[in-house]
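One structure below.
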Amino acid sequence: MSDLSYVRKDMLPEKAPPVSEVGAIGWLRANLFSGWFNSILTVASVYLIYTLVSSILPWLWSPTWSAGSLSECREIVAELGKEHGGACYGVITERWQQLLFGFYPQELRWRPILTFVLLFVALAPVLFTDGVPRKMLWFTGLYLFLAPWLMWGGAIWTPLLVIAGLALGALAFRVLSGVIGALGATIAAIVAPILFWLFLVGPLSSALASIIPLGIEVVESRLFGGFMLSVWIGVVAIAISLVLGVVLALGRQSDLMIVKYLSVGFIEFIRGVPLITLLFVASTLLNIFLPPGTNFDIILRVMIMATLFASAYIAEVVRGGLAALPRGQYEAADALGLDYWKSQRLIILPQALKISIPGIVSTFIGLFKDTTLVSIIGLLDPIGLTGSIRADANWNGIVWELYGFIALLFFLSCFTMSRYSMWLERKLRKGHS
Amino acid sequence: MSTLELETHIDPAKMQVSDEVAIEISGMNKWYGAFHVLRDINLTVNRGERIVICGPSGSGKSTLIRCINRLEEHQEGSIIVDGNELNSDLKNVDKVRSEVGMVFQHFNLFPHLTILENCTLAPIWVRKVPRREAVDRAMHFLEKVKIPDQAMKYPGQLSGGQQQRVAIARSLCMMPRIMLFDEPTSALDPEMIKEVLDTMIELAEEGMTMLCVTHEMGFAQAVANRVIFMADGQIVEQNEPKEFFNNPQSERTQQFLSQIIGH
């Protein structure tokens, strides 16, 4: 037999890994003490963390919840004999309702709370497609009209008439598509409801309300404020900008020249302008352009600007997802005879959006935090309210506790969005890397 | 010659080819920018014909079959598939595409859908087949390609050979009258080529009109009733397989065959 020849007689069984590789010791060795340099880093980091925590915790641990002013806080802290001083939570006890709701009338605050709770009911079928019955989507659709009515109040007829406007559009499409073709019918189906909403909903609603006065108390936009305002602007802008962003991304990829250049122009223009500029346009310039006497709600104007701003970013994020899809997916969809809209809806977008989830959620988080910019144009979001709170003689000079509380609210919201997106990514990972 | 041992040895001559014309390509030219990829292609395919197209890479063979369902647009000449001319009329194009199945080199299954959903999607959305019927049909074809037990898995969990068989089943679910294969085995490990070719042979035996771009010469000899050799965007030679392999006429063909068979 030659030296090169070798034949295995029996196959080797599997063996357990050595102890140093598994369990707590294995973990410590691999992650904290894998070499002398890493060991030094570990010890140094532990010391640093200890120093930070040991000086922050005593400050945080401060029984000042019932204090009525900053000087009262200082007395309590001095009595306890704390060297580094202590936090003054009295301001939060006294002002938390204002920080959450602004000047929304106290007795009506159940309305934003209900809207907020229903938001999760409406989102459930969208966010968790598996565990929630599909029929719930009806409620999601209804919520779009219910939420503004609950927030702003007014006659029940207004939201009903807005829904009627949609029905009018559908009717226009059905009737006209046989007469003037699909394109004309589509345009009519878009124009008719808009005209209806702009010119007929207002008078019709007041007419109906004078016959059957059914409604809830009106709350004016200037009373909106606090974290509620941030959430209200943020949620609306997020929801609409996602839809608009996808449409813009598809438009930018379109073969139709006009659609393509309109999309490109819009995206590049909006991305080239700071949000704060758009907000100033919303708060001051729009009034100049609108016909005198029109009362275009300031919150609505801000919502529109924030939505346009976010949708340009979403469009670019989604375009990245579209570009990442192999050409073969488009070709396979084409080869099966799926038309443009079906292949986008069933094949391309589900995959492109999945790829874009981290970017989309980043944009949403950024947008949500950017809602604090509305304080600059005089809306009373939490940041806008801090000014008046700090101007109060009782709380003059308070900084950390107030901004810390607001930061905590924003952090909790953004962290939730971030965790949801990670969960969604894991769920959508379907046996392929 | 390929070392492939095919299970079924059928006599291509016995399989029926009707007089009815399935595809008629005449005077077709195509350019990519200034590059003339397809030059004066004339080709008539009768129903039931099994045609293998071979040639060196860059010879335009893939482009040719991709023109047949208008994944590529031609600029001159005409292509008529089942009586529908392929032109800028999108309705005609969609009609042709739903009648012509296509299998790609890289399978192009939809990774976000299960195997079953991959197979039922087009019948439900294009042909408006009721869901239950579409599922039955999909299971029928998955059984035919011998992987019904994988129906609930996702494409990423299957081997290349299994994925390609699913791709064939997905096309068949649309009940096409013509099948196009664009190098269906080129991306597969040698162990998996055979299972895909066996499926294709079975299809040929049932009288499917097939156009297949492939380098599997064993398959060509076993199944094809015509072999077309392309080079530089032109049809250089076509003949029945026995003649084509044993007695190639043009120098270009001889050179090509000696290179793929020579070692």
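For A:Arg111, are the conditions met, namely being in a helix (DSSP H, G or I), over 30 Å from A:Gly154 (Cα atoms) and of a type in the set (Lys, Arg)? Quick ask: steps written out before the conclusion?
Numbers: in a helix (DSSP H, G or I): yes; over 30 Å from A:Gly154 (Cα atoms): no; of a type in the set (Lys, Arg): yes.
Taking the combined requirement at face value, the residue does not satisfy it.
I'm checking my understanding of the structure. Among residues of segment B:106-121 that are in contact with a helix residue (DSSP H, G or I) (Cβ under 8 Å, 6 or more places away or on another chain) and among the polar types (S, T, N, Q), which one is nearest to the other protein chains (Cβ to nearest Cβ)?
Here is the first cut: in segment B:106-121, the residues in contact with a helix residue (DSSP H, G or I) (Cβ under 8 Å, 6 or more places away or on another chain) are B:106-113, B:115-116, B:118-121.
In the following step, the residues that additionally are among the polar types (S, T, N, Q) were identified as B:108, B:118, B:120.
Numbers: B:Asn108: 4, B:Asn118: 9, B:Thr120: 11 Å.
This residue is B:Asn108.
Please work out which one of (1) under 20 Å from A:Trp341 (Cα atoms); (2) free of Cβ contacts under 8 Å to residues at least 24 places away in the same chain; (3) in a loop (DSSP other than H, G, I, E, B) is the condition B:Pro111 fails and give its number.
In the conditions (1) under 20 Å from A:Trp341 (Cα atoms); (2) free of Cβ contacts under 8 Å to residues at least 24 places away in the same chain; (3) in a loop (DSSP other than H, G, I, E, B), B:Pro111 misses (2) alone.
Pick out the one residue from B:Leu38, B:Leu90, B:Leu86 that is within 12 Å of chain A (Cβ to nearest Cβ) and more than 16 Å from the chain's Cα centre (by Cα). Before the answer, list the steps.
Values: B:Leu38 fails: within 12 Å of chain A (Cβ to nearest Cβ); B:Leu86 fails: within 12 Å of chain A (Cβ to nearest Cβ).
None of the others qualify; the one that does is B:Leu90.
With of a type outside the set (Ser, Thr, Tyr), touching a Gly at 6+ places or on another chain (Cβ under 7 Å) and assigned to a helix (DSSP H, G or I) as the only criterion, which of B:Met174, B:Met230, B:Met192, B:Met179 stands out? Outline the logic, then answer.
Details: B:Met174 fails: assigned to a helix (DSSP H, G or I); B:Met230 fails: assigned to a helix (DSSP H, G or I); B:Met179 fails: assigned to a helix (DSSP H, G or I).
On inspection, the qualifying residue turns out to be B:Met192.
Quick one: which residue in A:Pro382, A:Pro350, A:Pro358 is within 14 Å of chain B (Cβ to nearest Cβ), within 25 Å of the chain's Cα centre (by Cα) and not polar (S, T, N, Q)?
Details: A:Pro382 fails: within 14 Å of chain B (Cβ to nearest Cβ); A:Pro358 fails: within 14 Å of chain B (Cβ to nearest Cβ).
The match here is A:Pro350.
Condition first: over 28 Å from B:Arg70 (Cβ atoms), open to solvent by less than 20 Å² (accessible area, probe 1.4 Å) and touching a residue at least 60 places away in the same chain (Cβ under 8 Å). Can you find one or more residues in segment B:152-159 that meet it? Outline the logic, then answer.
Residues of segment B:152-159 that are over 28 Å from B:Arg70 (Cβ atoms), as a first pass: B:152-154, B:156-159.
Then drop every residue that is not open to solvent by less than 20 Å² (accessible area, probe 1.4 Å), which leaves B:158.
Okay, now just the ones that are also touching a residue at least 60 places away in the same chain (Cβ under 8 Å), so none.
Within segment B:152-159 (the criterion being over 28 Å from B:Arg70 (Cβ atoms), open to solvent by less than 20 Å² (accessible area, probe 1.4 Å) and touching a residue at least 60 places away in the same chain (Cβ under 8 Å)), the answer is no, since none of the residues qualifies.
Identify, please: which residue in segment B:18-36 is crowded, with 16+ Cβ neighbours inside 10 Å and among the hydrophobic types (A, V, I, L, M, F, W, C) and is, among those, nearest to B:Asn46 (Cα to Cα)?
Residue satisfying both the conditions and the ranking: B:Ala22.
Could you tell me whether B:Ser59 is in contact (Cβ under 8 Å) with a residue 24 or more places away in the chain, more than 18 Å from B:Val45 (Cα to Cα) and buried (at least 21 other Cβ atoms within 10 Å of the Cβ)? Break it down stepwise before answering.
Details: in contact (Cβ under 8 Å) with a residue 24 or more places away in the chain: yes; more than 18 Å from B:Val45 (Cα to Cα): yes; buried (at least 21 other Cβ atoms within 10 Å of the Cβ): yes.
For B:Ser59, the condition - in contact (Cβ under 8 Å) with a residue 24 or more places away in the chain, more than 18 Å from B:Val45 (Cα to Cα) and buried (at least 21 other Cβ atoms within 10 Å of the Cβ) - is met.
So which of A:Val317, A:Val302 is more than 14 Å from chain B (Cβ to nearest Cβ) and open to solvent by 10 Å² or more (accessible area, probe 1.4 Å)?
Values: A:Val302 fails: open to solvent by 10 Å² or more (accessible area, probe 1.4 Å).
That would be A:Val317, the only listed residue that is more than 14 Å from chain B (Cβ to nearest Cβ) and open to solvent by 10 Å² or more (accessible area, probe 1.4 Å).
Would you point out which residue out of A:Leu424, A:Leu402, A:Leu412 is at pLDDT below 95 and either open to solvent by 40 Å² or more (accessible area, probe 1.4 Å) or closer than 18 Å to A:Val91 by Cβ (or both)?
A:Leu402
For residues that are loosely packed, with under 15 Cβ neighbours inside 10 Å and assigned to a helix (DSSP H, G or I), tally how many sit in segment A:370-389.
Total meeting the criteria: 3.
Here are the criteria: (1) open to solvent by 70 Å² or more (accessible area, probe 1.4 Å); (2) touching a Lys or Arg at 6+ places or on another chain (Cβ under 9 Å); (3) of a type outside the set (Val, Ile, Thr); (4) at pLDDT 85 or above. Tell me which single one A:Asp10 does not satisfy.
A:Asp10 satisfies every listed condition except (2).
Condition check ((1) of a type in the set (Val, Ile, Thr); (2) within 11 Å of another protein chain (Cβ to nearest Cβ); (3) part of a helix (DSSP H, G or I)) across all residues:
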| site | (1), (2), (3) |
| --- | --- |
| B:Ile53 | yes, no, no |
| B:Cys67 | no, no, yes |
| B:Glu73 | no, no, no |
| B:Gly77 | no, no, no |
| B:Pro123 | no, yes, yes |
| B:Met139 | no, no, yes |
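Let's see how each residue does on (1) of a type in the set (A, V, I, L, M); (2) within 20 Å of B:Ser18 (Cα to Cα):
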| position | (1), (2) |
| --- | --- |
| B:Ala187 | yes, no |
| B:Met217 | yes, no |
| B:Glu240 | no, yes |
| B:Glu243 | no, no |
| B:Pro248 | no, no |
| B:Thr253 | no, no |
| B:Phe256 | no, no |
| B:Ile261 | yes, no |
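Which one of the conditions (1) of a type outside the set (Phe, Trp, Tyr); (2) within 15 Å of the chain's Cα centre (by Cα); (3) more than 14 Å from chain A (Cβ to nearest Cβ) does B:Val103 fail to meet, given that it meets all the rest?
All conditions pass for B:Val103, except number (3).
Please enumerate the residues belonging to segment B:237-260 that are in a helix (DSSP H, G or I) and open to solvent by less than 20 Å² (accessible area, probe 1.4 Å). Full working, then the answer.
Going through segment B:237-260, the residues in a helix (DSSP H, G or I) turn out to be B:241-246, B:251-260.
B:Pro241, B:Phe244, B:Thr253, B:Phe256, B:Leu257 - these are the residues of segment B:237-260 that are in a helix (DSSP H, G or I) and open to solvent by less than 20 Å² (accessible area, probe 1.4 Å).
Taking the criterion of being within 14 Å of chain B (Cβ to nearest Cβ), assigned to a loop (DSSP other than H, G, I, E, B), more than 16 Å from A:Gly102 (Cβ to Cβ) and in contact with a Pro (Cβ under 8 Å, 6 or more places away or on another chain), would at least one residue in segment A:408-430 satisfy it?
Step one: of segment A:408-430, the residues within 14 Å of chain B (Cβ to nearest Cβ) are A:424-425, A:427-430.
With assigned to a loop (DSSP other than H, G, I, E, B) added as a condition, the list becomes A:429-430.
This time we only want the ones that are more than 16 Å from A:Gly102 (Cβ to Cβ), so: A:429-430.
Imposing the further condition that a residue be in contact with a Pro (Cβ under 8 Å, 6 or more places away or on another chain) reduces the set to A:430.
Checking segment A:408-430: at least one residue is within 14 Å of chain B (Cβ to nearest Cβ), assigned to a loop (DSSP other than H, G, I, E, B), more than 16 Å from A:Gly102 (Cβ to Cβ) and in contact with a Pro (Cβ under 8 Å, 6 or more places away or on another chain).
Return the total of residues in segment B:96-115 being open to solvent by 20 Å² or more (accessible area, probe 1.4 Å) and among the hydrophobic types (A, V, I, L, M, F, W, C).
Looking only at that region, the number is 2.
Residues checked against (1) surrounded by 24 or more Cβ atoms within 10 Å (Cβ to Cβ); (2) under 20 Å from B:Ile261 (Cβ atoms):
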position	(1), (2)
B:Lys194	no, yes
B:Glu202	no, no
B:Met210	no, no
B:Ala224	yes, yes
B:Ile235	no, no
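Quick check on my filter: what residues within segment B:180-190 are away from chain A (no Cβ under 11 Å) and open to solvent by less than 10 Å² (accessible area, probe 1.4 Å)?
Once the filter is applied, which keeps residues that are away from chain A (no Cβ under 11 Å) and open to solvent by less than 10 Å² (accessible area, probe 1.4 Å), segment B:180-190 yields B:Phe181, B:Pro184, B:Thr185.
Go through segment B:168-189 and give me each residue that's among the acidic types (Asp, Glu) and in contact with a Phe, Trp or Tyr (Cβ under 7 Å, 6 or more places away or on another chain).
Filtering segment B:168-189 for residues among the acidic types (Asp, Glu) gives B:182-183, B:189.
Passing the criteria: only B:Asp182.
Residues to consider are A:Val126, A:Val91, A:Val121, A:Val46; find the one that is surrounded by 15 or more Cβ atoms within 10 Å (Cβ to Cβ), hydrophobic (A, V, I, L, M, F, W, C) and either free of Cβ contacts under 8 Å to residues at least 40 places away in the same chain or within 21 Å of A:Leu409 (Cβ to Cβ) (or both). Walk me through how you get there before you give the answer.
Working: A:Val126 fails: surrounded by 15 or more Cβ atoms within 10 Å (Cβ to Cβ); A:Val121 fails: surrounded by 15 or more Cβ atoms within 10 Å (Cβ to Cβ); A:Val46 fails: surrounded by 15 or more Cβ atoms within 10 Å (Cβ to Cβ).
Only one candidate passes the filter, namely A:Val91.
Listed residues B:Arg127, B:Arg132, B:Arg165; which is touching a helix residue (DSSP H, G or I) at 6+ places or on another chain (Cβ under 8 Å), open to solvent by 30 Å² or more (accessible area, probe 1.4 Å) and more than 8 Å from chain A (Cβ to nearest Cβ)?
Values: B:Arg132 fails: touching a helix residue (DSSP H, G or I) at 6+ places or on another chain (Cβ under 8 Å); B:Arg165 fails: open to solvent by 30 Å² or more (accessible area, probe 1.4 Å).
Criteria check complete, one pass: B:Arg127.
Can you tell me which residue is farthest from the chain's Cα centre (by Cα) among those in segment A:332-347 that are at the interface with chain B (Cβ under 7 Å from one of its Cβ atoms) and open to solvent by 30 Å² or more (accessible area, probe 1.4 Å)? Please lay out each step first, then the result.
At the first step, the residues of segment A:332-347 found to be at the interface with chain B (Cβ under 7 Å from one of its Cβ atoms) are A:332, A:334-339, A:342, A:346-347.
If we keep only those that are open to solvent by 30 Å² or more (accessible area, probe 1.4 Å) too, we end up with A:334, A:339, A:342.
Working: A:Asp334: 35, A:Asp339: 32, A:Lys342: 28 Å.
Out of the qualifying residues, it is A:Asp334.
The values are calculated or read from the model by the stated rules, or taken from the named source; none is laboratory data. Because the structure is predicted, anything quoted here is derived from the model rather than measured. With ideal geometry, Cβ positions are generated from the backbone for all residues, glycine too; neighbour counts draw on all protein chains shown. Quick note on the areas: whole protein, heavy atoms, side chains included, nothing else; ligands and nucleic acids left out. Shrake-Rupley method; radii C 1.70, N 1.55, O 1.52, S 1.80 Å.
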